[in-house]
1. What helices (runs of 4 or more DSSP H) completely inside the range 1-117 contain at least 1 residues that are out of contact with any Asp or Glu (no Cβ under 8 Å at 6 or more places or on another chain) and at pLDDT 90 or above?
2. What are the residue pairs meeting all of these: first residue in the range 437-450, first residue farther than 17 Å from L406 by Cβ, second residue open to solvent by 70 Å² or more (accessible area, probe 1.4 Å) and in a helix (DSSP H, G or I), Cβ atoms under 9 Å, and 6 or more apart or on different chains?
3. Within the set of pairs 6+ apart or on separate chains, which have a first residue in the range 109-127 that is farther than 15 Å from G98 by Cα and in contact (Cβ under 8 Å) with a residue 12 or more places away in the chain, a second that is in a helix (DSSP H, G or I) and of a type in the set (A, V, I, L, M, F, W, C), and C-beta atoms under 6 Å apart?
4. Any idea which residue in the range 346-386 is modelled with the lowest pLDDT, counting only those that are touching a Gly at 6+ places or on another chain (Cβ under 8 Å) and acidic (D, E)?
5. Which one of the conditions (1) in a strand (DSSP E or B); (2) within 28 Å of A219 (Cα to Cα); (3) open to solvent by 50 Å² or more (accessible area, probe 1.4 Å) does K126 fail to meet, given that it meets all the rest?
6. Would you mind telling me which numbered condition in (1) in a loop (DSSP other than H, G, I, E, B); (2) touching a helix residue (DSSP H, G or I) at 6+ places or on another chain (Cβ under 8 Å); (3) surrounded by 17 or more Cβ atoms within 10 Å (Cβ to Cβ) D417 fails?
7. Quick check on this structure: which one of Y476, Y456 is of a type in the set (F, W, Y) and at pLDDT below 75?
Amino acid sequence: MKGLVKLRWMALAGVVLAAGILLSFERGDDHSFKLAKNMDIFNSVVKELDMFYVDTIDADKIVRQGIDAMLYSLDPYTNYFPEDDQSELEQMLKNTYGGIGSIITWNTKLKRSMIGEPYEGMPADKAGLKAGDILMAIDGKDLAGKNNQEISEMLRGQAGTSFKLKVQRPGVQEPLEFELVRRPIELPIIPYYAKLENNIGYINLSTFSGSPAKEFKQALLDLKEQGITSLIIDLRNNGGGLLDEAVDIANYFLPRGKTLVTTRGKLKQAGMAYKTLREPIDLDIPLAVLVNSNTASASEILAGSFQDFDRAVIVGNRTYGKGLVQTTRNLPYGGVMKVTTSKYYIPSGRCVQAIDYQHRNEDGSVGRIPDSLTTVFHTAAGRIVRDGGGVTPDIVVEQEKLPNILFYLVNDNLIFDYATQYCLKHDTIAPPEDFQITDADYADFIKLVKDSDFKYDQQTEKMLKNLKEMAEFEGYLKDASAEFDALEKKLQHNLEHDLTYFAKDIKPMIAIEIVKRYYYQRGGIIEQLKDDADLKKAIEILMDPARYKAMLSAPQDTVEAVRTAG
């Protein structure tokens, strides 16, 4: 009953507000009139539903769905957070939340959630939870039928609160029960940094939420004490965060007083300029920045600013292309809206926004801005750069295509399951720098896959089937049947052959999964860097001072020649 009364008061207040707006604007102000008219219509629809719909409507649910649909039509970054659902917003802004500190993943065979990766030093890790533990119950409530999202929400809560978690551990007959106390979970900002070969420093920066500038400075100064003479900053898969933090980190390598970012929006207040305010740490150390398609937002500001000031060589693949800036606005009843208020522009004057949300296709979908519609800008040295499509690296590294079978092995949790079994047999392993998957290990993995009745789609079989159907439709199949039969025999599914043939792609994935069980995220990064094409290219350019200088100072035609030669 309280919900209905509240809904009626909301509707009444909305009607009065809309009426006031209607009276305050002249019919000549078309935009204001349309806004007021549609607010009046919306409130009337809600009121009529409340009064006449055959069933009692859920006020919170129906209005929330309307708000979410409205915001979704704008862009994916404008969101509404009611008072009782702001954990995601808090994590986004502060890089912290109350929970147990573990990735939750899905067990496809058991249809239950399980511990995927506990973070080092967090409650899940300290309590003794391990990757592969199947989540059975929370405070006695069976978790069967709940998905990862629902269980993650149950695991989160106010810091300091406790609960009991029952799990089924592979290799252990009876369920195990743990008592966990939620605490603020701070995700690793710099999960790994080190001095590599030839005195090259490496810093993996995973986010711009929290206080990354402070941690980055500590890592940088530590590496300089170790004697590094050049530095690689890894921004791959860094989805961004706080703009101020990106500016502060750029300031470590750029002079004081440089304008790195300007924002422009509909309101004058949305226009701001962000400058380097402090004295730098090192203006001369050669820099390379690693980026990929998941490098976004504040990460693109840092990479793009370095590129526009010719301060670093950017290596990898074109970044995501998020040039939109959000701010939070407080709403009634404790709600908060994160709303896109402006676009940001980096030093050359370009905006990296790649998707045009304003101009949607007829079906409501959106696409990237085509290269033909992008605009040419210039770096400080006169090199050509473009807007509208993220940051294009100075050195584009072609990514090796992974085999189809690897996708299915990961999706069916077979690599994960093998790592779980491996850990049951090995209390310790070699340090990540020295760890390797042996031929005997891989033979065990092949046996596990074969015993699991693993099946996967082969694209060649699908294409051959489609070709035969087309040949039959066009009347060619009868004359070419012998050739089709011969080809079909050659392309016959052979699991053991495929697992052996693609071992060079599968073994590294197994190694990463195993190493993370013993050395956490840091170990996984070390294992991944062993055969990293982007890292190899960055090291190559930093070890060639003449080429490094040429790429940052020469006209574009010379840069293109250097790229081709490389």
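The values are calculated or read from the model by the stated rules, or taken from the named source; none is laboratory data. Being a predicted model, the structure only gives us computed values, none of them experimental. Note that we place each Cβ from the backbone using ideal geometry, even for glycine, and neighbour counts take in every protein chain shown. These area figures cover heavy atoms from the full protein model, side chains too; ligands, DNA and RNA do not enter into them. Shrake-Rupley method; radii C 1.70, N 1.55, O 1.52, S 1.80 Å.
1. 30-52, 59-72
2. Close Cβ pairs satisfying both conditions: D444/Q421.
3. Cβ pairs passing all conditions: S113/I151.
4. Among those residues, the one meeting the criterion is D371.
5. Condition (1) is where K126 drops out.
6. (1)
7. Y476
Conditions tested, residue by residue: (1) more than 29 Å from the chain's Cα centre (by Cα); (2) modelled with pLDDT of 95 or more.
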| site | (1), (2) |
| --- | --- |
| K164 | yes, yes |
| E177 | yes, yes |
| L187 | no, no |
| Y202 | no, yes |
| S209 | no, no |
| A213 | no, yes |
| K217 | no, yes |
